Amino acid sequence: MIPTAASADPDEIAFEAIDAEIFRIPDLKTRLNVLQNYFFPRLERLLRLFAEGVRTAYGIDPYEHMTVAYRPAHRKDAVRVKDLGEVYIGLTPGRGDVPLHVLHDDGTAFKYSPSYLLIVVNSEGALQIVFRPYYYAVDQAFRERFEAAVEECWDSIGALMEMTRIAADVAGSWIPLRGSLLGPCQWTSPLIHFPVSESAWLGLLSFPFVALYSLLDTGARLARGENSRLPELIEALKANAEEPTDQEVGPGPDEEEKSVRTAAEPSALPAGDDGSPVLPELDSYRMIRDGKWYQILARDNFTCCGCRRSGPKDGVVLHVDHILPRSKGGTDEVANLQTLCAKCNLGKSNRDNTRLTQA
Ligand SMILES: [Zn+2]
């Protein structure tokens, strides 16, 4: 069955096992195009859900303090990165107006914080929350300040990270979490393999994201030369997780058990995106959902049906086009779809209803 706009749940964000095939589209530019068009809107919606969790937990609006980072962001990424091993959207501290208290290898100051908190999709088809404290090489003094801020409240942080199954890795090797920030590590949530549905993300990824946000904030403040507020954030997170939901619950023998259980279940965080600002439109990518994009590209031999240029041979970006546009009642049936290069697709948009195949 072809999903239609009418039957589509606008809140649904799901990843199917076949979505990993996007990483294996042979033509690099087409692959880049589909990776961006397919994953970015979905990851942006996820990010907004997680940002809502940050607001609830800490009373901080992350969009006020951070900017959104995308990869692969530019066409030049495609040329430089031959094999796009991952796609991500995440947060990084914004503003570049003052030199930061973090140094490059050559001793010059960073303009932007080197810390990133990311929702990563890897090419095997899995989602993961990743905190990269030093996305770029930083000076040892900054690392030590970071590590000292974390060490100061290790009892809480360590327990929190253990609870959310956060691990530290350096180039694929697991190392003990404690002390790991002194090296070029990343802190990661467990991998959540496709297929995943929204309930799975909220359960398994939102709490790691919210917990790791406290470290992103710490890195940002230290980089600006301010004091860490990590202890306050951790207290706020714990208090929020322990807050009774429907009725007043006084201190009692059950309290400890309850607080652990609540904190471990991110259902305490908002489960919907009501009230969130504008969300990316997913419907235009719904056709891609069935893996039909791949079917069409393969049927047409990765060649534009208009000018016969090939994606792999000529390096053109290929789109899957509706012959009769949706706006005029065109369906997602295979017979209504054709492969076009970006140029032909653009030229076609003014003269709708043009079949360029000899079907
Ligand atoms: Zn063409």
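Just so you know, all these numbers are worked out from the coordinates, no wet-lab data involved. What you see is a predicted model, and the numbers here were worked out from it, not measured in a lab. So basically every Cβ, Gly included, is an ideal-geometry build from the backbone, and we count neighbours across all protein chains shown.
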How much length is gained if the chain between A171 and K111 is pulled fully straight, taking 0.36 nm per residue apart and subtracting their Cα-Cα distance, in nm to one decimal? 19.0 nm
Using alpha carbon centroids, what distance separates the stretch 129-145 and the stretch 14-59, in Å? 25 Å
Under the Karplus relation with 6.51, -1.76 and 1.60 and θ = phi - 60°, whole-Hz ³J(HN,Hα) for the stretch 17-31, x at Gly and Pro, equal 4, 5, 4, 5, 5, 4, 5, 10, 4, x, 7, 4, 5, 5, 4
Along the stretch 214-225, Karplus-curve 3J(HN,Hα) (6.51, -1.76, 1.60; θ = phi - 60°) to the nearest Hz, with x for Gly and Pro, reads 4, 7, 4, 4, 4, x, 5, 5, 4, 5, 7, x
In nm, the gap between the two label points placed 7 Å beyond Cα toward Cβ at E21 and E232 is 5.1 nm
Pseudo-spin-label distance H74 to S197, built 7 Å along Cα→Cβ, given in nm, is 4.1 nm
5 Å is the cut-off here: which amide hydrogens, built 1.01 Å from N in the peptide plane, fall below it relative to R309, excluding neighbours closer than 5 in sequence? C304
Burial ranking of peptide ranges 102-111, 211-220, 188-197 (average Cβ count within 10 Å, highest at the top): 211-220, 188-197, 102-111
Pulled fully out, how much extra length does the chain show between R326 and Y63, if you take 0.36 nm times their separation in residues and subtract their Cα-Cα distance? 91.3 nm
Would you grab the residues whose amide H sits under 5 Å from the one on Y116? Only those 5+ places off in sequence or on another chain, please, with H modelled 1.01 Å from N. R132, Y135
